[in-house]
Amino acid sequence: MQQSASVRTYPFDHDKRYYPLSQRYRLLFNQRVFKISVSVAQTCPNRQGTHGMKACIFCDEWGAAAYHADAQKSLSDQISLHREIIRKRYNADKFLVYFQAYTNTFGRGQEFTSMYQSVLLEDDVIGIVVGTRPDCLPLGILKTFQKIAETHFVSVELGVQSFDDQQLLFLERGHDSACSIAAIKKLKALPTVDVCVHLMFGLPGETDEQLCRTAVLLSELRVDGVKLHNLHVLKGTPLDGLYNQGLFQPVELEAYARKVSVFLEHLSPQIAVHRLTAVANRWDDLVAPAWTKEKMRPAQFIEEYLTAHDIWQGKSAAFY
Ligand code: SF4
């Protein structure tokens, strides 16, 4: 539905000024559902040198794993361990298994397919979430997603980070924005597969106009979710080197909150927001900014910023 911007009415009947993932899960599953993060992939195209690269400049050696020590445990042990913790903490009884670390569709196609299928044999696991890159969606994996999505929830979390090719070069991602758009279209062609796009804000050369364009593009592509991160510096990464030389300065919380608000204002309110800001999994490894170490305050600050400036997701969206 195409409408002119600036005539939107407030679309939410909950207490957030954006469409949170928890709300989407409630609508989809009629109950609270929690993700169990597992580490089974051990590498990615960049670390394999497929594109003549070593790693994205922000990525530490654990490839974004929530629990890097788990890589030594079997998949079923990882699920049992974290399921119990989540069950006790949130009184949860339905779960999605999140294949998070590295690239979970890179090579080993049959092995990944078997792992996806094996976790769904657990009674309380109702779906899978697969973290991957735009350039790692071979036809066989797409067919696997399609097949599993006939009976279970399947979500693909795509590391896009930016749609600006200069910024993608700076991040040393090894793919361009055209590749990301093609990947989203391929996934959206699978009717029941949920597509979440990971983005980073606080990149060199980023403008408000760029943030608006990204929001409009994702709204037009009808992605199902976005996960937002501030570009932050982890110890031992190439970005750490740039930071030490004074060649990169991470964005402060207020400036980041403003960027998020610009983006959300132009994003369709039908797109779920998985996360407003990065969360440091290993606090000792965080170099900067210090505010990323704080557990609750950054998200609260952003929510208060939205309220103080009377901004909500989709307020000025040109496309729903
Ligand atoms: S962010 Fe992903 S693709 Fe980039 S180096 Fe880390 S694991 Fe590899």
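The values are calculated or read from the model by the stated rules, or taken from the named source; none is laboratory data. Since this is a predicted model, take the numbers as computed values, not measurements. Cβ sites come from the backbone with ideal geometry, for glycine too, and all protein chains shown count toward neighbours.
Determine whether Glu206 is farther than 18 Å from Val273 by Cα, out of contact with any Cys (no Cβ under 8 Å at 6 or more places or on another chain) and not basic (Lys, Arg).
yes
Say whether the condition of being aromatic (Phe, Trp, Tyr), modelled with pLDDT of 95 or more and part of a helix (DSSP H, G or I) is met by at least one residue in the stretch 187-203.
no
Can Glu303 be described as loosely packed, with under 14 Cβ neighbours inside 10 Å and either among the small types (Gly, Ala, Ser) or part of a helix (DSSP H, G or I) (or both)?
no
Considering every residue within the stretch 252-275, establish whether at least one is among the β-branched types (Val, Ile, Thr) and without any contact (Cβ under 8 Å) to a residue 24 or more places away in the chain.
No: the stretch 252-275 contains no residue that is among the β-branched types (Val, Ile, Thr) and without any contact (Cβ under 8 Å) to a residue 24 or more places away in the chain.
Would you please name the residue that is farthest from Ala255 (Cα to Cα), looking only at residues in the stretch 269-290 that are of a type in the set (A, V, I, L, M, F, W, C) and surrounded by fewer than 20 Cβ atoms within 10 Å (Cβ to Cβ)?
Trp283
Restricting to the stretch 116-135, count the residues that are away from the ligand (no atom under 16 Å from the Cβ) and either touching a Phe, Trp or Tyr at 6+ places or on another chain (Cβ under 6 Å) or more than 30 Å from Ser177 (Cα to Cα) (or both).
12
Out of the stretch 30-52, which residues are away from the ligand (no atom under 14 Å from the Cβ) and under 11 Å from Asn104 (Cα atoms)?
If the condition is that a residue be away from the ligand (no atom under 14 Å from the Cβ) and under 11 Å from Asn104 (Cα atoms), then Val38 is the only one that fits.
Within the stretch 109-149, how many residues are part of a loop (DSSP other than H, G, I, E, B) and in contact (Cβ under 8 Å) with a residue 12 or more places away in the chain?
Residues that pass the stated criteria total 9.
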